[in-house]
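The values are calculated or read from the model by the stated rules, or taken from the named source; none is laboratory data. Please read all numbers here as calculations on a predicted model, not as lab measurements. Note: ideal-geometry Cβ built from the backbone for every residue, glycine included; neighbour counts use all protein chains shown. Note: areas computed on protein heavy atoms with side chains; ligands, DNA, RNA excluded. Shrake-Rupley method; radii C 1.70, N 1.55, O 1.52, S 1.80 Å.
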Amino acid sequence: MPELRLEIPGVPPTNNHYKNFRVMPTRNGKSVPSWYHTAKAKEWFAAVCAHAQGRQLRDAAYTVSYAVYTPTAVCTDVDNYAKCVLDGLAHAGVIDNDKKVVDLHGYRRIDRANPRTIIIVRTAQMQLLEGKE
């Protein structure tokens, strides 16, 4: 089963720091939210692109595992990193669409000396067709 491993220095932004919105007026006088990626999210996307170095996997389904090594014991829900990790992979072209991720495994650990994020992407199509895990 093909796989790609990335080790990215730093920690991805959580959902709370990933997207923000501004209220935009419309022609009919109503206001609607306009969502945008924050500067932290854009920095994360750039880091994923730099470390992917153009490598990519293509398949009908993917399995993604990520481990976020934080510099402190501040309690952040491990699932709050998932959206930014997956969007970063899609943005960098590592995977063609994060909607194709069928298995997702997240881990949070502490490493004060070396905060980083390790991401392993595997193709899952053969696994699904064969019924194997």
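Structure data summary
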item: Residues satisfying the stated conditions in the stretch 72-82, i.e. assigned to a loop (DSSP other than H, G, I, E, B) and either touching a His at 6+ places or on another chain (Cβ under 9 Å) or open to solvent by 60 Å² or more (accessible area, probe 1.4 Å) (or both); result: 72, 73, 74, 75, 77
item: Residue that is surrounded by the most Cβ atoms within 10 Å (Cβ to Cβ), among those in the stretch 83-102 that are more than 15 Å from residue 41 (Cα to Cα) and either of a type in the set (Lys, Arg) or in contact (Cβ under 8 Å) with a residue 60 or more places away in the chain (or both); result: 94
item: Some residue of the stretch 56-71 being touching a Pro at 6+ places or on another chain (Cβ under 7 Å) and either part of a helix (DSSP H, G or I) or over 19 Å from residue 10 (Cβ atoms) (or both); result: yes
item: Filter result (within 20 Å of residue 120 (Cβ to Cβ), open to solvent by less than 50 Å² (accessible area, probe 1.4 Å) and more than 12 Å from the chain's Cα centre (by Cα)) within the stretch 10-59; result: 10, 52, 57, 59
item: Among (1) open to solvent by 30 Å² or more (accessible area, probe 1.4 Å); (2) under 20 Å from residue 113 (Cα atoms) - the single one residue 67 does not satisfy; result: (1)
item: Qualifying residue in the stretch 23-37 (condition: closer than 16 Å to residue 7 by Cβ and either of a type outside the set (A, V, I, L, M) or at pLDDT below 95 (or both)); result: no
